[in-house]
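Enquirer: Structure below; questions to follow.
The values are calculated or read from the model by the stated rules, or taken from the named source; none is laboratory data. Keep in mind that this is a model prediction, so the values were computed, not measured. Heads up, the Cβs are rebuilt from the backbone with ideal geometry, glycines too, and the neighbour counts pull from every protein chain shown.
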Amino acid sequence: MPDGGEQAQDSISADLIDRIPCGVLSFDDRGTIVALNATLASMLGYERGVLAGRQVETLLTVAGRIFLQTHLFPLVRLQGRAEEMFVLFRHKDGSDVGTLLNAVRQERDDGAVTDCAIMEVRERRKFEDALVRARQAAEAANAALQERTKEVEYANELLEQQTVELELQQQQLQESTAELEAQGEEMAAINDELMKRTQDLEHARTVAEDANRAKSQFLAVMSHELRTPLNAIGGYAQLIDLGVHGPVTAAQREALSRIVRSQRHLLSLINEVLNLARIEAGHVEYATEDFPLSDAVSSVMPMVEPQIAAAGLTSESSVPAEMMARADREKTQQILINLLTNALKFTPSGGRISVTARQDGDEHVVLDITDSGIGIPAEKLDSVFEPFVQVDVGHTRKREGSGLGLAISRDLARGMGGDLRARSELGRGSTFSLFLPRAQR
């Protein structure tokens, strides 16, 4: 039976978890809620006591339930964690509650439990709607611009035809005075139309600039709305750790350390989301430098080797130290992680993953990531770089992922002056080739 000190510690820990500005939820492999904090209960409009023991699916929207079953839960079971997931919860009054969720699966005395940290996103949907409207306006303006361009081209063709006619009719100038006067009036009308279309094009450009400003505003608000509460969490945790509010036990200090680590991790995830938005908006900055490809590979391999070993695979890398690239080192490493993770997902146990390097002419160096996995059908090879595309080759084993990794990787590669290409043979594996500019010595 715990003594009075232990009970006080438990009470402080429970009170601390209840007061942190994010929801905390734990559920077992059957989906039964085993614990939650007051913040989450309040976020969903419930008294905390009525939720314990319920199925976690009862707190989600229909889309949220599908996402839990097909993406979130399988990902947590496979990798032990899921990071920065957008999940729609259902409020007691029936309204949707948008959240960002991080989850980790842990073994405890009474079995496996999935622990979740949940942050409500209040402003995101409003600005997403504004961004969609701005994007639609920009697309409509672009379509109008193309239509106006066709009309201008038609007008130019008409003017050229009239010029030829005028040259042919020069000898008949006396007889054609009336006709020339009519043509002059027609040309004046065309000029007026061109002036009007020029004004329309200026308006279309203004609409496109407004759309870009809406994107920038969206990014700025998202950054503020998400980073501010996370920074507050980190600050409060540090104050408690310093003993500002009283002595802190070792167990409490460990809990505070976990809170701080989670807070820093969430900040890192938010930065990644904002970077993805910048890629789509064309606002990514590249820190170009000369660096050995072997350094990039050696820094990435230790991150994925535990997963490779856990999957029963072998890996090898062979990159000459003298092979240099001129690119953004961090983004090159991000692409490598995406490609190695992709190879890991589609290679069955007993397979092999390798990383090799070669030179492609005088302009590029190439990193080849090769696996002995299931391969890609030839007719689907061109579509793997499209956003949200996951190739289904008929195997029953479900593979998680959003389908964005390859699309983002190719955009980053092209942004650095390179490219990302693939070749594959069904049933024998795939090779993804990352082309990067060669460092000029």
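Enquirer: For GLN199, state whether it is at pLDDT below 80 and loosely packed, with under 11 Cβ neighbours inside 10 Å.
Expert: Here the answer is no, as GLN199 does not meet what is asked.
Enquirer: If I ask for residues that are under 20 Å from ALA407 (Cβ atoms) and of a type outside the set (A, V, I, L, M), which ones from region 279-338 would you list?
Expert: GLU280, GLY282, HIS283, GLU285, TYR286, ASP328, GLU330, LYS331, THR332, GLN333, GLN334, ASN338
Enquirer: Can you tell me which residue is surrounded by the fewest Cβ atoms within 10 Å (Cβ to Cβ) among those in region 323-337 that are hydrophobic (A, V, I, L, M, F, W, C) and assigned to a helix (DSSP H, G or I)?
Expert: This residue is ILE337.
Enquirer: Give me the residue from region 65-74 that is more than 16 Å from ALA117 (Cα to Cα), surrounded by 15 or more Cβ atoms within 10 Å (Cβ to Cβ) and not basic (Lys, Arg) and, out of that set, farthest from the chain's Cα centre (by Cα).
Expert: Out of the qualifying residues, it is PRO74.
Enquirer: Only one of PRO377, PRO348, PRO320 is within 15 Å of PHE432 (Cα to Cα) and surrounded by fewer than 19 Cβ atoms within 10 Å (Cβ to Cβ). Can you tell me which?
Expert: So the residue among PRO377, PRO348, PRO320 that is within 15 Å of PHE432 (Cα to Cα) and surrounded by fewer than 19 Cβ atoms within 10 Å (Cβ to Cβ) is PRO377.
Enquirer: Out of the residues in region 349-365 meeting the condition of being farther than 15 Å from LEU293 by Cβ and in a strand (DSSP E or B), tell me which one is farthest from the chain's Cα centre (by Cα).
Expert: ARG352
Enquirer: State whether one or more residues within region 299-308 are closer than 14 Å to LEU367 by Cα and either assigned to a helix (DSSP H, G or I) or at pLDDT below 90 (or both).
Expert: Checked against the condition, which is being closer than 14 Å to LEU367 by Cα and either assigned to a helix (DSSP H, G or I) or at pLDDT below 90 (or both), region 299-308 yields at least one hit.
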